[in-house]
Amino acid sequence: MNDMQFTERAVDQKAIKIAAEGVNVHYGEAHAIKDVNVEIEENTVTAFIGPSGCGKSTFLRCLNRMNDTIDICNVTGQINLDGEDIYDKRVDPVQLRAKVGMVFQKPNPFPKSIYDNVAYGPRIHGLAKNKAELDEIVEKALRRGAIWDEVKDRLDKPGTGLSGGQQQRLCIARAVATEPEVLLMDEPCSALDPIATAQVEELIDELRERYSVVIVTHSMQQAARVSQKTAFFHLGTLVEFGLTSQIFTNPEDPRTESYITGRIG
Ligand SMILES: Nc1ncnc2c1ncn2[C@@H]1O[C@H](COP(=O)(O)OP(=O)(O)OP(=O)(O)O)[C@@H](O)[C@H]1O
Ligand SMILES: [Mg+2]
């Protein structure tokens, strides 16, 4: 693992943004997530790693109640965002997902203009009083998505006409337009080439100044480059969670070691 570079700088304790306790997920009879406890810190990139089918996406979707949309999926346990239970009956999942945004594996721009892709969330959440304010929100989000310069002269063109890497940055801009506090990313670079991947990774590092970022990745190099904390999942359990540098250089559990050295996966 000598080619690993770690982004972690000072090892300082950050505030807890999301606390998950005793989380279990079933799809019908199948037990996909088994008693997971984890704390996601503010201004930190947390990587979820582990072999295919171990439950990374399932657990990620628990954090903004995206599993609510899957009929046979049943989530139990406690997940708090800033100390408030996100599964409380009074919580509106649509509002929650504005606070806990999500970027998917495949760039999925809406079949609308670049402008309308980004303006969509702010419009439904009533974040702008007029067109000028909306223009400002859209520009700011596209800048944060590191794509403004490439699209500023074609805002009225379809988002689907952009390259894959541009589409993914557009989707990130769309996710940050509602001023989320947490950004969940499920393999956001798997459809991108190395140049676009590098751009998105750089962006993730910038995003952590304002947000908590949770990223699912199959690339150990990527986890090492972009995250400060790493959670290793195996067969539905969270085997090990800690500083990325520690997980990759000195894992405590033999299953973690086998995975990072390429013996399982
Ligand atoms: N919608 C669903 N209905 C039924 N079972 C599901 C569903 N989604 C996931 N599962 C099952 O839950 C388990 C965990 O799947 P999940 O997609 O969370 O894994 P993953 O770690 O994200 O895998 P990958 O790395 O391949 O994306 C698997 O056994 C999977 O088959
Ligand atoms: Mg997955």
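The values are calculated or read from the model by the stated rules, or taken from the named source; none is laboratory data. As the structure is a prediction and not an experimental result, all values here were calculated from the model. So basically every Cβ, Gly included, is an ideal-geometry build from the backbone, and we count neighbours across all protein chains shown.
Of the candidates 150, 181, 201, the single residue that is over 20 Å from the mean Cα position of the chain (by Cα), at pLDDT 90 or above and surrounded by 16 or more Cβ atoms within 10 Å (Cβ to Cβ) is 150. Please verify whether region 218-227 includes one or more residues that are among the hydroxyl-bearing types (Ser, Thr, Tyr), farther than 16 Å from residue 42 by Cβ and at pLDDT 95 or above. No - not one qualifying residue is present in region 218-227. Cβ separations smaller than 8 Å between residues 6+ apart or across chains give the following pairs from region 29-54 residues that are over 12 Å from residue 238 (Cα atoms) to residues that are within 11 Å of ligand 2 (Cβ to nearest atom) and at pLDDT 95 or above: 47/216; 47/217.
Taken as a whole, the condition of being away from ligand 2 (no atom under 16 Å from the Cβ) and either of a type in the set (Gly, Ala, Ser) or at pLDDT 95 or above (or both) does not apply to residue 191. The numbered conditions (1) within 16 Å of ligand 2 (Cβ to nearest atom); (2) on the phi < 0 side of the Ramachandran plot are all true for residue 236 except (2). The residue that is surrounded by the fewest Cβ atoms within 10 Å (Cβ to Cβ), counting only those in region 47-78 that are in a strand (DSSP E or B) and among the aliphatic types (A, V, I, L, M), is 75. Scanning for something within 16 Å of ligand 1 (Cβ to nearest atom), farther than 25 Å from residue 16 by Cα and part of a loop (DSSP other than H, G, I, E, B), does region 206-217 turn up at least one residue? No: zero hits.
Taking the criterion of being more than 11 Å from ligand 1 (Cβ to nearest atom), farther than 16 Å from residue 181 by Cβ and at pLDDT below 95, would at least one residue in region 13-26 satisfy it? The answer is yes; a qualifying residue exists.
When we screen 90, 61 for residues that are modelled with pLDDT of 95 or more, among the charged types (D, E, K, R) and near ligand 1 (Cβ under 9 Å from one of its atoms), the only hit is 61.
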